[in-house]
Structures are given as structure tokens and as C-alpha cells.
Amino acid sequence: MDVPYVDLAAAYRGLKDEIDEAVSRVLASGHYVLGENVSAFEEEFARWVGTAHSVSVGSGTDAIYLTLKALGIGAGDEVITVSHTAVNSALSVSKAGAAPVLVDIDPENYCLDPAQLEAALTDRTRAVMPVHLYGHPCDMDPIIEFAERHGLQVIEDCAQAHGARYKGRSAGTVGAAGCFSFYPTKNLGACGDGGAVTTDDTELAAKIRSLSNCGQGKERYHNIYRGEVSRLDELQAAILRIKLKRLDEATGKRRWVAAFYRERLAESGLILPAEKEWARHVYHLYVVRSKERDRLQQFLAEKSIQTLIHYPVPVHLQPAYAGEAHGPLPETEAAVGEVLSLPCFPEISSAQLEAVASAVALSAGNI
């Protein structure tokens, strides 16, 4: 049985009539940028996350970049974050003109290790950016305590954490702002690029909104800032509004898939994802670890099961960011040689899950 890593076409088919109708309405309206769907989606997403404001932008990368810019963080400043993440996290910081200072991870949840923060602090540090990686939230209390003690901003990278919770609080509600991506493969994915910033800070929300739309103020063609063009379009907003209504159900399915794997792979010899007692994991990715990762991936591929590695090269070992790490990152470098993402998406069938579990079990004697 073929098992794709993800099946975006199946996700579309399940909502085809509603999406087609919504897209047709937008096209017929003749209003394609900053219209009623964008406004409605921002209100609905803010309510779903639990913040006063949501500002939509062109991508998750821009969500972080524009937040940093709105907070006045740029050239000469440093932002502490992790190396074990999509490179976009660091790119956002670089785009703002600041320097990412890359620290190590907690090997149990692959998120920023708060114990690394003090050693990474300099007189140029302006912010900490925890990345809620794979759908598991960071341990936010010690991060917030550190930031408050040193007068720093906390910006949450929530690109993979729609609906994740930390001690009952939604990702994107703990720091000064939460930055989300709506890239098609995300838990809440558009049919193209998109992103949003969530915050309770009215002034910050207003500035990000202005910066994302050329720096305009409330009056058209009157600019208060040197802004950007980073807007969520009406078509994507209309699609996201439909998907948002089903996001809790989709998250439940992801968690069901994770429970299935947890039970069926318990004796596989793989290290399975952890879920801390204070966390709600939303399993954007189901990531296992094996010292025989490459051989396991090849074996599964031969059984027509597609897997991916998130991420094979940490940011500090990318040519673009060589030398950016703060000291050695042993946990990060160990993880990247062992992590493997198994298929985990709401539309996956029971038969496909059985195929994955059976193939992993068979691999034990064959790799």
C-alpha cells in the first residue's frame, strides 16, 4: 500500500464544495485584497487562539519579521532562538537586520532548552524566540521569567503549533506576540502562503498591520512607516475560514494518529515523541528517533511509505549561518542524525496506519 507523507489533495476533496463556493464568491466580488474575508478571518482566528488581535500577513516568515520590526528590533540586536528548526525562523531574524543567537534544545521535546538562555545573553540581546517545534509547546514559564528579568521581548514561533497548549494556555498567547504560518502543510494550511500575528497589545497590532500594508496609516496613501507588502489575500482568507471551523476536529484526528503509533510502536525500539505533563501536543509532525534512521527510511521507502526528515541540517551548520551557534549544540547535532517524521495527517486511513506500523515492526529484523 502506498502511504504518502501528507495528502493535501485528500484534504481538499473533503471540503471541495465549500471551498469551491467560497472561492467563486471571492472571484465574483472583484475584491481580492484586504476585503471582508480577511477581516472576518482575523477576528475568528484571534477568538480561536484567545487573543485580542490577529493581524494577517503574507507568510509565517513575515509574521516574525514584521513583529521584530514593529518592536524596534533590528541592526545590532540579537535574538536568542534554536538551531533545530526550519531555517525560516533564523531568516526572519536576519531579514529584520538582527542576529540570531542559536542555542541547544531539550532532547525530550526538541524545543528551546531554557537552561541555555543565561549563557547566551549579551548586552545586545533584545528578544527570545522559542519555537514550538513539531506541535509541542516550549516550557514557557522559565523563558518568560528570564525575559522579564532582563527586559527582553518574547516572540513565539507558532508556525507548527496551531492549538498547542502550555499549562492550559494556547500557543501564541504567552509572549508579546505569536507568529503563525498558514503554509499548505501546516495544521491550519491555506492553498498558498499566508501567516498571522496574534497579540493582546493593541499598539503592536496596529503597527504590524500598518507595516504589512506599505506603512499606511488609517488614511489611504498616507504613510507613517517605511513598510512592506505582506498581505493575506481574500482567496486564502476565505479558504482558511472554512478550515478553521474544522481545526479542532482535525487536531483530534492528529492526536488519535499519535495515540495509534504510541500503542503500536511501543516495542519497536524507536524513541517516540514525548508529551510533557504541562503540554498539549498537536502533532504537526510525528517524529521518531533511531540510530539507524537512514536505513529505516530506506526500508520504509521500499515498502512505499514516504517519510521526511525535519530537519537534516541544523541552522548553525547551514552555509548561510555558519558560526552563528552559541557554543556547541550537542543535543541538536545528535537529533538531526536520528529524527524521522512518519506520515501523520487527519486524512490518513486506518489501513495506511496499519501499513506503517507493520512495516516499522518488520524493519526491526531487516535493518
>> If neighbour count is taken as other Cβ atoms inside 10 Å, put M129, M140, M1 in order from fewest to most.
In response: M1, M140, M129
> Counting Lys and Arg as +1 and Asp and Glu as -1, what is the net charge of the other residues whose Cβ lies under 10 Å from the Cβ of E228?
Replying inline: +3
>> I'd like to compare 239-247, 337-345, 216-224, 118-126: which one has the highest average count of other Cβ atoms within 10 Å, and what's the full order after that?
In response: 337-345, 239-247, 118-126, 216-224
> Å³ per residue of the Cα convex hull, for the stretch 91-208?
Replying inline: 119 Å³
>> Suppose a student asked you for the relative contact order of the chain, using Cα pairs under 8 Å spaced at least 6 residues apart; what percent would you report?
In response: 23 percent
> When the Kirkwood radius is taken over all Cα pairs of the stretch 247-363, what Stokes-Einstein diffusion coefficient follows at 25 °C and 0.890 mPa s, in µm²/s?
Replying inline: 158 µm²/s
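Can you sort D2, D294 from fewest to most other Cβ atoms within 10 Å of each residue's own Cβ?
D2, D294
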> Out of residues 5 or more away from H310 or on other chains, whose amide H comes under 5 Å of its own, with H placed 1.01 Å from N in the peptide plane?
Replying inline: S341
>> Give the separation of the Cα centroids, the stretch 1-61 to the stretch 184-211, in Å.
In response: 12 Å
> So, in the chain, how many Lys pairs have Cα atoms under 13 Å apart, if the pair is 8 or more places apart or on different chains?
Replying inline: 6
> Restricting to the chain, what percent of DSSP beta bridges are antiparallel, rounded to 5?
Replying inline: 60 percent
> Expressed as a whole number of Å, what is the distance separating the alpha-carbon centroids of the stretch 262-292 and the stretch 82-123?
Replying inline: 23 Å
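At a Förster radius of 30 Å, what calculated FRET efficiency corresponds to the Cβ-Cβ distance of V33 and R169, to the nearest 0.05?
In this case the efficiency is close to 0.35.
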> Which whole-Hz ³J(HN,Hα) couplings does the stretch 250-267 yield from phi under the Karplus relation 6.51 cos²θ - 1.76 cosθ + 1.60, θ = phi - 60°, glycine and proline marked x?
Replying inline: 5, 5, x, 5, 4, 5, 5, 4, 4, 5, 4, 4, 4, 6, 6, 9, 4, 9
> In whole Hz, what ³J(HN,Hα) sequence does the stretch 57-70 give by Karplus (6.51, -1.76, 1.60; θ = phi - 60°), x for Gly and Pro?
Replying inline: 9, x, 6, x, 4, 5, 4, 5, 4, 5, 5, 4, 4, 5
> For the stretch 32-44, in order, what is each residue's ³J(HN,Hα) by Karplus, 6.51 cos²θ - 1.76 cosθ + 1.60 with θ = phi - 60°, in whole Hz (x at glycine and Pro)?
Replying inline: 10, 10, 6, x, 5, 5, 5, 4, 5, 4, 4, 5, 5
> From the Cα gyration tensor of the chain, with a ≥ b ≥ c the square roots of its eigenvalues, which class applies: rounded if a/c is under 1.5, or else prolate if a/b is larger than b/c, or else oblate?
Replying inline: oblate
>> I need F146, F45 ordered by Cβ neighbour count within 10 Å, fewest first.
In response: F146, F45
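Please give the calculated 222 nm ellipticity per residue for the chain, where each DSSP H segment of at least 4 residues contributes -39500 (n - 2.57) and the sum is spread over every residue; nearest 500 deg cm²/dmol?
-11500 deg cm²/dmol
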> Taking 0.36 nm per residue of separation and subtracting the Cα-Cα distance, what length does fully extending D248 through A10 add?
Replying inline: 83.9 nm
> What is the gain in length, in nm to one decimal, between L272 and V229 on full extension, counting 0.36 nm per residue of separation less the C-alpha to C-alpha distance?
Replying inline: 11.3 nm
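Given a Förster distance of 41 angstrom, what is the FRET efficiency for A75 paired with A361, based on the Cβ-Cβ distance and rounded to 0.05?
Efficiency, from the Cβ-Cβ distance: 0.15.
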> Considering only the other residues whose Cβ falls under 15 Å of the Cβ of V49, what net charge follows from Lys and Arg at +1 and Asp and Glu at -1?
Replying inline: 0
> Near R149, within a Cβ-to-Cβ distance under 13 Å, what is the net charge of the other residues, with Lys and Arg +1 and Asp and Glu -1?
Replying inline: -4
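Every read-out reported here was derived from the displayed coordinates using simple, explicitly stated rules and does not represent laboratory data. Every value quoted in this text rests on a predicted model; they were computed, and no experiment measured them. Glycine also receives a Cβ, built like all others from the backbone with ideal geometry; neighbour counts cover every protein chain displayed.
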